[in-house]
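Notes for the one structure printed next.
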Amino acid sequence: MARLFLVRLLPLPLFAACVTAQAGLSGSRPNILFIFSDDHAAHAISAYGSRVNQTPNIDRIAANGALFRNNFCGNSLCGPSRATILTGKHSHANGFMRNGNTFDPAQPTMAKLLQATGYQTAMIGKWHLTSDPQGFDHWIVLPGQGQYYNPDFLTPDGRKRIEGHATNITTDLALDWLEQRDPDKPFLLMCQHKAPHRNWMPAPEDLALYADRDIPEPPTLFDDYAGRTEAAKHQEMTIARHMYLHYDLVVPPTAAEREAGLVGPDRSYDDMMARLLPAQREAWDAAFAPRNAAFRADEPTGRERVRWAYQRYIKNYLRCVNGVDRSVGRLLDWLDAHPDVKANTLVVYSSDQGFYLGDHGWYDKRWMYEESLKMPLVVSWPGHVAAGVEIPQLTQNIDFAPTFLDLAGVDVPADMHGASLVPLLSGGEPDDWRDAIYYHYYESNAVHMVPEHYGVRTARYKLVRYYEPQWDAWELFDLARDPDELHSVHGDPSYADILAGLKRRLVELRRQYGDDTGTLGEFDVTAGIARVQLGADGYRVWANATGGYLLRSGDPGGTKFTTAMTSVGGRQLRNGFVLLSGDAESRGQLVRAGIEFGARQLTVIGPGGMRQRASAAIEWDGRAPLELVVTVDLAAHSLTAAAAGQRVTVELPAEWTELTACGYGASNAETVFTPLSIE
Ligand code: SGN
Ligand code: CA
C-alpha cells in the first residue's frame, strides 16, 4: 500500500521542487486550465474595475495571480481570435481572417505541439473554426455558434444533444474530464463557453439577477459619431436601431406584430423559444412575463426606448456573464479540492475579444476601439506567479501559444508572431518588450457592417486605417487625453510628428508580421477581399468571404467581357466576375457569372440571388486557365456566360438600362484573373 502511494506521489513533489523559483517557469510543464468565454469585455469584470457587475470568481484568479492591464486581440472576432490563440499567428498567416472561413487543420497549433510532447489535451465547448478540432485527445464542441438551451454538441462519434444550459453543461463536461483524465500526464484543458455571446439567454438560475435595479449607462450611449470618420456612422450595431425586439430583447411578438411580419433575426424567435423544455420555459416566463407586460404598458419611445433596450440587453448579458463566473468558481473549487493538481496548474481566464456594453451606443465588437480591442486576461498559479500583480505591458492573443509552449518546454516555432509571457509572469520587466501591437480586421460587408481596417496601438496612441477604397480614411487617438476615442486628431497639425511615427511603426509591423493583405489595388468598391495583386499574368485576388468582390464603377465601355482564370488555392467555392447595374450603391444588385471550381460548374447568379441561379456542368482539369466570356444584352434583358463549351443565361431586370460597374469576384479562394477584355 505504502509502496503504491510512493509510486503515485513521487513525481509530484519532485515536479513541485523544480518550479518553486519564479524564474524557472519555462519548461516547468504545468497543467494549463484555459477558461475562455465569448464576447466577455474586460469592463464587465470587477477585477478590471467594472461599473456594471461583480465577478467574484474571475476576481479570485486575479487576486491570486496576475491581471494583464493591456491585453489585446489582433482581430476582434470569434473565429479569428481562436485561430490566433491556437497558432500564435495573426489572421493573414493562419488563414482564418473572418468567421465563415475554414481553419486549415494541417497547420501547427499549440494543442498539437503540447500533445506531441506528452500533454493530455481536451477541447470542450465553443470552437467555431468549421473544421474538426485536431491536436486534442478529447473534444466535444458546439456546432458553429451553438445554442444556449439544450445545445447539440459535435464529438468524434457524431452529434448529441445535452439537456441544460450551455454554460453549465460545458463546465460539467470539463469537470468530468478532469476526473477521468490520466493523472500522470500534464494537461491542457480548453473550457470554452458560448456565453455571453448574442443572443443573450441566461440560465434559469441567473434570471432573477438585477431584477430590482438599473445598471449604470455608459457615458457614450448616445454617441453621435462626430469627431471620427464616416465609417463609424455607417455600422449596423446600435442598440437604438439594430437590436431586435423579440430575438435580442426576448419580448414575445404580439398578434399584430406577427400579422405585420417578423423581420431579420426576429423570425427565429419561435425556434429559439421552442428549444426550451417546459420547466425551463416556465422559469423564463416567470422572470420575463411581468417585465414584458410593463414594457408593453409603457411603450417607451425615443431615448427612453433606447434606455429600456440597454437595460434589457445589459442585464441579460451580465446574467450570462454571471453563469460564466459561476463556472470559473466551480473549476477553481475543484482545484481547491485537489491540492496536488492545483499545485501544478496554471489557470487562465480570457475571452475571444471585448464587446460594446452600450459604449458608443453599440453592442458587438469588430472595431479597433478600446472596448472591443481589449481582451481580459488573468492568470494564476499560486507559488509561481506572484499574487495580485498587474502587468502593464502590451500583450496580445498571439502570445498565448508561445506562453503555453514555453511553460511546457517546447521550442516556440520561429514563425509564430507572439512572444512568451513567461518573463512577465515571472515578475520581470524585459526592456525589449514590444512597444506597439498590430491589428487587422477583415469582415466587411457582413453582419454589423464594419469596414476592414488595420492599425497600431502604442501605450498612448492609436492609429487606424480604413483602407477599403469606399472609406479610405484614417483615425488617430490620443488615449491619454481622449480615452473614450471621441475625437480623432488625425488632421491636427500638433500631432504631425506622432502621426508620422505611428505610420512608420505600422509599416514596420506589417513587414515584421509579413502582412501584405489589406492592399486592394485600384478598384473603387471592394467587399470580402483580403488582397489584390497585379502581376504579369493578371490580378491575383484573395477573396476571404463567400461572394467577395471588387469592382471598378462607371460604364465599362462594352458589353462583352472575357477573362481567363486560374485557381491558386483555398476553398474554391465560386470564382468569377461580377457585373453591377442599376443602383451602384446597392449591395443587392450584383450578377455573378463564374465557375464553381470545386463543383466544376459554370454558374450565373442573377441580381435576385440564388433564386435566379443557372448552371451547367463543365469539363475542366482544374489547372489550365479557364476562359469565361460574359455577354450582356440590355435590350433583351439577358446575360449569357460561356465557358468550356457550355453556356447559361439569366434574365436581367427590365429597369437596367446601362452597366454601372464591372470587376472580379470569388468565394473563399485565391484566383488569378487575366485583365478583362471588354468589347
Ligand atoms: C453572429 C451574431 C452577430 C455576431 C457574430 C459574430 N448574430 O452572427 O451579432 O457579430 O455572430 O460573433 S447572432 O444573432 O447569430 O448571435 S462571433 O463572436 O462569433 O465572432
Ligand atoms: Ca466572440
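The values are calculated or read from the model by the stated rules, or taken from the named source; none is laboratory data. Remember, it's a predicted structure, so these values are computed and weren't measured experimentally. We place every Cβ from the backbone using ideal geometry, glycine too, and count neighbours over all the protein chains shown.
Some observations on this one:
- The residue pairs whose first member lies in region 68-90 and is in a strand (DSSP E or B), whose second member is within 16 Å of ligand 1 (Cβ to nearest atom), and whose beta carbons are closer than 7 Å, counting only pairs six or more residues apart or on different chains, are 71/374; 71/375; 72/373; 72/374; 72/375.
- Condition broken by residue 75, with the remaining ones in (1) touching a strand residue (DSSP E or B) at 6+ places or on another chain (Cβ under 6 Å); (2) surrounded by 23 or more Cβ atoms within 10 Å (Cβ to Cβ); (3) closer than 25 Å to residue 187 by Cα satisfied: (3)
- Matching residues, region 358-377, being part of a loop (DSSP other than H, G, I, E, B), buried (at least 24 other Cβ atoms within 10 Å of the Cβ) and within 14 Å of ligand 1 (Cβ to nearest atom): 363, 365, 366, 367, 375
- Among the candidates 552, 540, the residue that is of a type in the set (Lys, Arg), touching a residue at least 12 places away in the same chain (Cβ under 8 Å) and out of contact with any Ser or Thr (no Cβ under 8 Å at 6 or more places or on another chain) is uniquely 552.
- All helices (runs of 4 or more DSSP H) inside region 261-354 with 1 or more residues being touching a residue at least 12 places away in the same chain (Cβ under 8 Å), in the same structural domain as residue 40 (by TED's automatic domain parsing) and under 30 Å from the mean Cα position of the chain (by Cα): 302-337
- Check on residue 83, assigned by TED's automatic domain parsing to the domain that holds residue 145, modelled with pLDDT of 95 or more, in contact with a Gly (Cβ under 6 Å, 6 or more places away or on another chain) and within 16 Å of ligand 1 (Cβ to nearest atom): no
- Qualifying residue in region 214-228 (condition: under 24 Å from residue 348 (Cβ atoms) and either at pLDDT 95 or above or not hydroxyl-bearing (Ser, Thr, Tyr) (or both)): no
- Criterion (surrounded by 21 or more Cβ atoms within 10 Å (Cβ to Cβ), out of contact with any strand residue (DSSP E or B) (no Cβ under 8 Å at 6 or more places or on another chain) and either in contact (Cβ under 8 Å) with a residue 60 or more places away in the chain or at negative phi (or both)) met by exactly one of 193, 242, 246: 246
- On inspection, residue 114 passes the criterion of being in contact (Cβ under 8 Å) with a residue 24 or more places away in the chain, assigned by TED's automatic domain parsing to the domain that holds residue 364, in a helix (DSSP H, G or I) and not small (Gly, Ala, Ser).
- Options 195, 231: the member that is of a type outside the set (D, E, K, R) and over 29 Å from residue 125 (Cβ atoms): 231
- Taking the conditions (1) crowded, with 24+ Cβ neighbours inside 10 Å; (2) part of a helix (DSSP H, G or I); (3) hydrophobic (A, V, I, L, M, F, W, C) in turn, residue 97 satisfies each one other than (2).
- Residue match in region 384-395 (condition: on the phi > 0 side of the Ramachandran plot and within 16 Å of ligand 2 (Cβ to nearest atom)): no
- Restricting 419, 414 to those that are free of Cβ contacts under 8 Å to residues at least 24 places away in the same chain, in contact with a helix residue (DSSP H, G or I) (Cβ under 7 Å, 6 or more places away or on another chain) and in a loop (DSSP other than H, G, I, E, B) reduces the list to 419.
- Under the condition of being in contact with a helix residue (DSSP H, G or I) (Cβ under 7 Å, 6 or more places away or on another chain) and away from ligand 2 (no atom under 16 Å from the Cβ), the residues counted in region 197-244 number 22.
- Out of 240, 256, sole residue that is part of a helix (DSSP H, G or I) and more than 15 Å from ligand 1 (Cβ to nearest atom): 256
- Matching residues in region 528-547 - criterion: being modelled with pLDDT of 90 or more, within 13 Å of residue 664 (Cβ to Cβ) and crowded, with 18+ Cβ neighbours inside 10 Å: 528, 529, 531, 532, 538, 539, 541, 542, 543
- Residue count, region 147-159 (criterion: in contact with a strand residue (DSSP E or B) (Cβ under 6 Å, 6 or more places away or on another chain) and under 25 Å from residue 115 (Cβ atoms)): 4
- Qualifying residue in region 319-334 (condition: surrounded by fewer than 24 Cβ atoms within 10 Å (Cβ to Cβ), acidic (Asp, Glu) and within 16 Å of ligand 1 (Cβ to nearest atom)): no
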